[in-house]
Structures are given as structure tokens and as C-alpha cells.
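K.L.:
My structure is below; once you've seen it, I'll send some questions.
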Amino acid sequence: MPAISISCAARVPLHALYFRQDPNHKKTLRENASSRHVPAVIMAVPDIPYTFSAKKVESSVTNSVDGRPVSNRDFLTNPESLDFFEGLLPQLREE
């Protein structure tokens, strides 16, 4: 199952970082980059949106999580993958 890591700041917008699931990735990010790059929330997701040229679409996920309209749904091979992210922000704020 693909995984998405969402860096939760105190304010919106949220920034999404895609990665291959690795139990030590937080430690690796902290050591090789900085603690600022370490996401607060890590979760498995059912699917990640891709364009027809097989590129991951981070901006669409961010817009969907933030409750903003996603303008490029027609350019995604799997626009239904955004449905999971639409109600995610209230759930993240509860945790």
C-alpha cells in the first residue's frame, strides 16, 4: 500500500511528502536533512494520484486536504484517489 507523509504545521496549508514506507525514515530525514523536514503524521493511503505521464500530483493532494477545489482532476489517471484526502484535515486536527 502506498504511504503518504503529511507535515502538519500549526497552520494550513499542509505539505505532503511521498515516500516508500520505511520504519526509520524519520531518523534518516533528521540525520540527512534537518528536523524541519521530518513530518508530524505518517499514514498509509489507499492510492496516490498520478498524471497520465505517471507523475505523482502533490498539489492536488494538498488542495484536497485543505478543502480547496482541485482544478486538474481531468488530468489524473485516478482522480478517485483524491476522495480519501477530502475529509482528512478534520481527522488530523482531532489527533
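K.L.:
Sum up the charges of everything whose Cβ sits under 15 Å from the Cβ of Ser81, counting Lys and Arg as +1 and Asp and Glu as -1, but leave Ser81 out.
P.N.:
It works out to a net charge of -3.
K.L.:
Could you please report the charge total around Ser60, scoring K, R as +1 and D, E as -1 over all other residues with beta-carbon less than 13 angstrom from its beta-carbon?
P.N.:
-3
K.L.:
Right, something else. Order of 60-70, 79-89, 26-36, 45-55 by packing, highest average Cβ count within 10 Å first?
P.N.:
Packing order, densest peptide first, comes out as 60-70, 79-89, 45-55, 26-36.
K.L.:
Okay, moving on. Non-local amide H neighbours of Val45 (under 5 Å, H modeled in plane, Pro and chain starts lacking H): which ones?
P.N.:
Ala3, Ile4
K.L.:
Using a Förster distance of 35 Å, how high is the FRET efficiency between Arg73 and Asn24, based on the Cβ-Cβ distance and rounded to 0.05?
P.N.:
0.50
Each reported figure results from applying straightforward, stated rules to the coordinates on display, with no laboratory input. Bear in mind the structure is a predicted one, so any value in this text is a computation, not a measurement. Virtual Cβ from ideal backbone geometry, glycine too; neighbours counted across all protein chains shown.
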